[in-house]
1. Provide the per-residue ³J(HN,Hα) series for the range 130-141, in order, calculated from phi with Karplus coefficients 6.51, -1.76, 1.60 and θ = phi - 60°, each as a whole number of Hz, with x at glycine and proline positions.
2. Give a residue-ordered list of calculated ³J(HN,Hα) values for the range 272-277 (Karplus: 6.51 cos²θ - 1.76 cosθ + 1.60, θ = phi - 60°; whole Hz; x for Gly, Pro).
3. Between E309 and A438, what's the calculated FRET efficiency when r is the beta-carbon distance and R0 is 25 Å? Round to 0.05.
4. Take A293 and H361, extend 7 Å from each Cα along the Cα→Cβ direction, and tell me the distance between the two endpoints in nm.
5. In the range 496-583, which trypsin sites (Lys or Arg not before Pro) are in a loop and have at most 16 other Cβ atoms within 10 Å, using DSSP for the loop call?
6. Would you mind checking the pairs K303/K473; K375/K510; K506/K569 and listing those with alpha carbons more than 31 angstrom apart?
7. Can you work out the Karplus-derived ³J(HN,Hα) for every residue in the range 549-555? Use 6.51 cos²θ - 1.76 cosθ + 1.60 with θ = phi - 60°, whole Hz, and x for glycine or proline.
8. Under a crude label model (7 Å from the Cα following the beta-carbon direction), how far is K375 from E14 in nanometres?
Amino acid sequence: MFFERVQRMLERNEFASDDEYYGFLESVFVETSTQEQNLACDVYCSKVLEQLINYSPAVTLEPFATVLISEHVWPHVLVDTYGSHVAEALMRRLALLLVEDSNNDVARRLLEQVVDAVLRNVGSALPDTYGSHVLRCLLSALSGIALDPTPQTNTRAAPWQQSQPAHTFAPQRLTEASVPHGKLLRRVCTAILSEAVAASAQVPVAEPTTQDTPTVPPQVLCAHAVPLFALLLRCTAPWKNLFASVLVWMLPGSKRGSECWAAPQSISSLINHRVGSVLVEALLESVPPSMHAQIYTDCFRGKLGALVENEVSSFVVQRLIHSSTLVQVRMIFEEIEPFFETFLHKRRGGVLWKLAEACSHHQTYQKEFISALEKALHVAPSLLAAHGQAGGKKQKKKAKKQKKNQPQEEADPAATAPTTGGGSTEGLIPPLLQFDSASVSVLGAHIARTLFTFQPQVVETLCASVVSLPVDKLLMLMRHNNGSKVVEAFLESPGAPPFIGPLIEKLTGKIAMLCLDKYASHCVEKAYPLAPVAQKRLIASELAEEEASLAASPYGRFSLRVCRVAEFKLKQTAWTERETKNKKKLDLFADILN
């Protein structure tokens, strides 16, 4: 009954001032003293306690927190279904208070006491569902990642008080100096790994019976510990190489103290395991380069075709490609190139998507990737070799040398001009997207968007494939959620400028209709700044004729602003001069940045 009244008062929010509100919070904690464990473990009271904790200052929380983390209360709260949520709320609140005020001595002292209490009970928390959740929350809070994972509006926010913003930090930006609580975080991580290593040493390792049977102890592979280890590796950027090495060394068959390792059997069994594969993905992102190369050589090389066919291990292969070096990406491409068609038929296009991203990032094997994709989709070759683009530096030098030795030959204008129609095929884009009147392949769209980030010589054929589409298919593509993103990627690609003019001319008479669509309007807005002035005039004049209907639509109104239709109707001469100047400026910067 008492907490029901507290809940109603918080919902009514009839406090006259901050002093009255914080006095109310303090009185609630005083009234409930000596009942902390019972209240924290109650299904209803725990929710009210979480709300009270989220908006209480450190001084108000101190008496409650001191009892909650005591030796006779904390072990029960840590593994309780509802008490664990109260513990997580307390950790997040203390870390958030220190972010807002780094000189808050009370919050700092309480957070250190919470860490001490966790370290005393890490052995019981690690294999427990709710205990592992508390450990993960503590790692997040100490590393500064997602201190407020579920931002809530301040329920007592009166007119004089704004809502509290959520404090989140990008884990990839963490450095040793930027970790908010580096010393505490290192203590917690070391204790978790030490407990896991000790537990692993006590469990006998059985010989594997099948390939899918994991050979690691349950303390490492259990569904509660694996997400914890994965988070540990991702939130401890300054020491991730060390912690990743420790995790690998604690697997059966490892040789501690050496630069490499000798446990390929353990890693191989984890790759196909539903839970263990999560740990392998985190390890691939975190281990030192020498250990990453050894893992690739012992566990993946020569086995990628079979691994990708498995639904679980295919995601591990994607993570491997994402974390691989230039040399490894080339070796991976050469190994899985014969399986492109198989992967597409078995819905394993995610591997090809990540491989395309790696080829784009390392600027290697881009021509070969598109050629292999055309072969897998039974598309006529696009003669990319004629553009002189190849995967490595030696091939590029060879192409330049051949071109230099043939100065008497002039380029055929018909061969180099953008293709807008005709031909026996529509290129690579239609079969890759597999689109019809109602759908577009999601993975195909991801792959196509990545292909448009390739070098300009390679992208030309893809751009021609988009422009050569029939008008009805082009309209359907621009109106589709995934298809419109492909068209936007085409417009942003380095090889798109020669094709934007023909595309706009092809869509003449339908541009106003596209601006009324949620997705197609983005394509028009993306194409307008990049188009030649003559095509910009076509867009503006067509939108000006349909200004009334466009102004009634939220998408149309934004398109009118982006395309400067009001200025075009008012003074066309000034509009032309301004757009010509903007186009020259855009071309200048594009030439400088290449």
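The values are calculated or read from the model by the stated rules, or taken from the named source; none is laboratory data. Because the structure is predicted, anything quoted here is derived from the model rather than measured. In this analysis, Cβ positions are derived from the backbone assuming ideal geometry, glycine residues included, and neighbour counts consider all displayed protein chains. Note: accessible area is taken over every heavy atom of the protein model, side chains too, but ligands, DNA and RNA are not part of it. Shrake-Rupley method; radii C 1.70, N 1.55, O 1.52, S 1.80 Å.
1. Computed from phi, the couplings for the range 130-141 are 6, x, 5, 5, 5, 4, 5, 5, 5, 4, 5, 5 Hz.
2. Working through the residues one at a time gives 8, 8, 4, 8, x, 5 Hz.
3. Step by step, r from the Cβ atoms, then E = 0.30.
4. 1.8
5. Hits after loop and neighbour filter: K510, K518, K571.
6. K303/K473; K375/K510
7. Computed from phi, the couplings for the range 549-555 are 5, 5, 5, 7, 10, x, 6 Hz.
8. Distance between the two pseudo-spin positions: 7.8 nm.
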